[in-house]
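Here is the structure we will look at.
The values are calculated or read from the model by the stated rules, or taken from the named source; none is laboratory data. On a predicted model such as this, the values are computed, not experimentally measured, just so you know. Virtual Cβ from ideal backbone geometry, glycine too; neighbours counted across all protein chains shown. Surface accessibility is based on the protein's heavy atoms, side chains included, excluding ligands, DNA and RNA. Shrake-Rupley method; radii C 1.70, N 1.55, O 1.52, S 1.80 Å.
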Amino acid sequence: MDKEKTSQLPRRMTRSSASSPTSTSNNVIAAKVHSLDPLTINDLFVGGNPISLDDIISDFPGRRSQILEIVRLLGPLNSPMLPLFVYGGPSTGKTSIILQLFRHLNRPLVYSSCRTCYNQGILFESILNQLFLHRKNAANGYANARRCDRPSDFVNFLREALTNVINNLKEKSEKLVSNKTTQEKIGNMTYFVFDNFHLVREWDNSSTILPLLFNLYDMLKMHEVGLIFISSTSPDTFYSNMGYVEPIPVYFPDYTEGDIRQILLRNQVNQKLYSSFLDVVLKSFYGITKQVGDLSAALKPLYEKYCEPLSDKGKGVAPDQQMRRRLLAHISPYIGPSLNEIFKVSSLSSTEVETRKEEKRKGNPSRLEKSEELGSLDFHMSTSAKYLLISAFLASRNPATLDASLFDSKGGSDNRKRKRKPSEKARERKETLEEELLMKGPGTFPLERLLAIFQCLVSVSEDEEEPNNDGFGVEGGNGGLMSDVLLQLSSLCNANFIFKGRSCPIEGSTRYRSTISEDLALKVARSLKFPLSKYLYRS
């Protein structure tokens, strides 16, 4: 048999590949049986056993819409594609899903992590080594396929290497068709995956390398090239004054508590017992971190403690209500110390605890209400900063075209006309729009729009407070609040509540984006007694 018929070990594997049929990690490593064998065109494929799209969707809970969207954007075989920008928080499945989709589609890709390739030269050489099918070893003195320091040399070498790869792919495809060894076709497209792309902004020559990578599609002028950028920051953080084809964004939100429960339940010997364990601890830990890796590492020793009263570590045990209560009483003393030790959660001092106990015993309703309100936020923030944070959240979540109808002089939805019953087509259009907004993630907005929303919300709040004449304690309208709004905005940006991007090359103004979740926005609004849902589109 020739080399193309032989089964190959996956070239790219992840940390959990040994225990799971699919990968769930963002770290990609190479794996081959014979490290001294010369590389072939097969090494550009992810490899491994074929996997269906339904298996990928079931292995990544809460990621169905993102998976289907990426498959749609990649398109059918040999179809040109616009660059993709996949972004979201850490441990949200971005890299793992991309690799599994290429395993499903059986298409070649060149993977480069900007974490291991920590400068321009290493990144260029890593890409060229893969395309030239070159492996560094003692025989060649651990030399690279091409020495490349300048971007112009990289583009020339890249065009040469891609021409060779495309010819090899055509030969492989023709050979498979002539031998009739498989019904699956192999295209001529080659995809470049740049993982941890947000780290490029920290490089010394980021102002040069970023426009080069974004313009790579136009520079090469080869339709057989696809570009995929994976980042933990949004596309607006990469704005530059140099024009390029804007990538299509695909947003990966944080996993919900239900999604994390499904992920953690996989590969558990006794899922009923582990589910009862998650009922006790998951909510507390999920409020601190939503990263699957951190949660898995933190819950493992706790689960061992949970199973201590059971024989044989709880194998085959179906817990009833009495057993659940017994196990809960056993593990309760370990939950608090585990939270404080692993995640360093600051708890209340002993004096504050005693003060709150005394207030509860005396039954002071006003003091209790204020105490609970401050406890729900867990941090202090001025009134103007709270309104500014809510304004930024609404500007990121609401379409700009709805500002006139939502933020009017009478408080948003109170004076809106009575809505008619939506038709079937209207509901379909709304669902399509909601899906598009989900894929794009929180939107960006200019400073002018933020200030307009902020001024509207403050004026509405002052109108409601005017009968009591205690409002915000300022005279002459909202001048007191508006005086330090820019200072508050700078503080919120430094605290990472609002992200400040670069200047948009089209508009010429700086754009901002809210980074807070809806839960935090609701807490802030609740502390102000502000009806956030009244102004939130799709609420």
Mind giving me the nanometre distance, one decimal, between the label points for Ser79 and Thr208, set 7 Å out from Cα along Cα→Cβ?
3.8
Cα-Cα longer than 23 Å, checked against Lys94/Lys272; Lys290/Lys523; Lys386/Lys534; Lys283/Lys534; Lys136/Lys175; Lys272/Lys305, kept in input order, equals Lys94/Lys272; Lys283/Lys534; Lys136/Lys175
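If we sort 225-238, 67-80 on the protection proxy, mean other Cβ atoms within 10 Å, highest first, what's the order?
Packing order, densest peptide first, comes out as 225-238, 67-80.
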Would you work out what percent of the accessible area of the stretch 49-172, with all protein chains in place, is carbon or sulfur (probe 1.4 Å)?
50
Cα gyration tensor shape for the stretch 67-192, rounded if a/c is under 1.5, else prolate or oblate
oblate
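May I ask you to derive the FRET efficiency for Asn496 and Ile57 from their Cβ-Cβ distance with R0 = 45 Å, giving the value to the nearest 0.05?
Details: r = 32 Å, r/R0 = 0.72.
According to the calculation, E is roughly 0.90.
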Carbon and sulfur together cover what percent of the accessible area of the stretch 263-336 at a 1.4 Å probe radius?
50
Heavy-atom accessible area per residue, the stretch 72-152, 1.4 Å probe: how many Å²?
40
Set of the stretch 193-221 residues, backbone N closer than 20 Å to the point 7 Å along the Cα-Cβ line of Leu39
193-196
